[in-house]
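**Student:** First the structure, which I've put down as structure tokens, then a few questions once you've had a look.
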Amino acid sequence: MTWDVLSIIGTIAFAVSGAFIAMEEEYDILGVYILGIVTAFGGGAIRNLLIGVPVSALWEQGLFFQIALLSITATFLFPNSILRQWKRWGNFSDAIGLAAFAIQGALYATSMGHPLSAVIVAAVLTGSGGGIVRDLLARRKPTVLKDEIYALWAILAGLIVGLQIASSPVELYVLFGLLVACRMLSYMYKWKLPIRSIRQPNM
């Protein structure tokens, strides 16, 4: 039950972030809904394709789809009110979504007997794949690959779950708390991975 609550928080956070970016790009109402849904569920769909699970399995998450649709509708109808709350709680909710979905994706791949590499990929795609697809559809450079340390925490989740360092419910909740803390610290202190540019300076 607790895990479902965390997944619901993550679904809301991802759906709202997709809706906001669609409105920033001045997409119409259909575009807002599409981008919100893609952000919330796109990572899971890509994960399912890669690990051999029918994409149709996503349609079994009826409650999560309803929650995503309600979140997108509220964002579209009351953008200023939602934005005020988003500025206060958005990054924390997003960290919860990243941690919950990354662990969920890793557990999914592990339960199917996939190797460590596939478990890591499943964690990354479930935790951050939706954001990558969202940015590409909005014609932006994916922020999770450029501006912030984000996908790295999903890789960490995949490693720990894939190596069975954390497997019991208590251990998984500890891992969840660790990932949320790491994500928030990396945001607050603006941690970044090294960048090497080959762009030539203008003469």
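The values are calculated or read from the model by the stated rules, or taken from the named source; none is laboratory data. Bear in mind that the values here come from a model prediction, so they are computed numbers and not experimental data. Cβ sites come from the backbone with ideal geometry, for glycine too, and all protein chains shown count toward neighbours. Calculation scope for accessible area: heavy atoms of the full protein, side chains included, ligands and nucleic acids excluded. Shrake-Rupley method; radii C 1.70, N 1.55, O 1.52, S 1.80 Å.
**Student:** With the structure loaded, tell me whether residue 117 is part of a helix (DSSP H, G or I), under 20 Å from residue 50 (Cβ atoms), open to solvent by 50 Å² or more (accessible area, probe 1.4 Å) and small (Gly, Ala, Ser) or whether it fails that test. Quick ask: steps written out before the conclusion?
**Tutor:** Values: part of a helix (DSSP H, G or I): yes; under 20 Å from residue 50 (Cβ atoms): yes; open to solvent by 50 Å² or more (accessible area, probe 1.4 Å): yes; small (Gly, Ala, Ser): yes.
Taking the combined requirement at face value, the residue satisfies it.
**Student:** Against the conditions (1) open to solvent by 100 Å² or more (accessible area, probe 1.4 Å); (2) under 19 Å from the mean Cα position of the chain (by Cα); (3) more than 19 Å from residue 92 (Cβ to Cβ), where does residue 160 fall short? Just the number, please.
**Tutor:** Evaluating residue 160 over (1) open to solvent by 100 Å² or more (accessible area, probe 1.4 Å); (2) under 19 Å from the mean Cα position of the chain (by Cα); (3) more than 19 Å from residue 92 (Cβ to Cβ) leaves (1) as the failure.
**Student:** Pull out all pairs, ordered by first then second residue, where Cβ-Cβ is under 9 Å, the residues are six or more apart or on different chains, the first lies in the range 89-108 and is more than 9 Å from residue 157 (Cβ to Cβ) and free of Cβ contacts under 8 Å to residues at least 24 places away in the same chain, and the second is assigned to a helix (DSSP H, G or I) and open to solvent by less than 30 Å² (accessible area, probe 1.4 Å).
**Tutor:** 89/13
**Student:** Counting only residues that are within 12 Å of the chain's Cα centre (by Cα) and aliphatic (A, V, I, L, M), how many does the range 123-151 have?
**Tutor:** 7
**Student:** Being among the β-branched types (Val, Ile, Thr), in contact with a Lys or Arg (Cβ under 7 Å, 6 or more places away or on another chain) and surrounded by 13 or more Cβ atoms within 10 Å (Cβ to Cβ) is true for just one of 149, 82. Which residue is that? It would help to see each step written out before you state the result.
**Tutor:** Working: 82 fails: in contact with a Lys or Arg (Cβ under 7 Å, 6 or more places away or on another chain).
When all the criteria are applied, what remains is 149.
**Student:** Quick check on the range 91-114: of everything there that is open to solvent by 10 Å² or more (accessible area, probe 1.4 Å), of a type in the set (Gly, Ala, Ser) and assigned to a helix (DSSP H, G or I), which residue is farthest from residue 183 (Cα to Cα)? Steps first, please.
**Tutor:** Going residue by residue through the range 91-114, those that are open to solvent by 10 Å² or more (accessible area, probe 1.4 Å) are 91-94, 96, 101, 104, 107-108, 110-114.
Filter again for of a type in the set (Gly, Ala, Ser), leaving 93, 111, 113.
Narrowing the set further to residues that are assigned to a helix (DSSP H, G or I) leaves 93, 111.
Details: 93: 11, 111: 26 Å.
Across the range 91-114, the extreme among qualifying residues is 111.
**Student:** Same structure again: Right, residue 53: β-branched (Val, Ile, Thr), buried (at least 17 other Cβ atoms within 10 Å of the Cβ) and under 15 Å from the mean Cα position of the chain (by Cα) or not? Spell out the reasoning first.
**Tutor:** Details: β-branched (Val, Ile, Thr): yes; buried (at least 17 other Cβ atoms within 10 Å of the Cβ): yes; under 15 Å from the mean Cα position of the chain (by Cα): no.
Answer is no for this residue.
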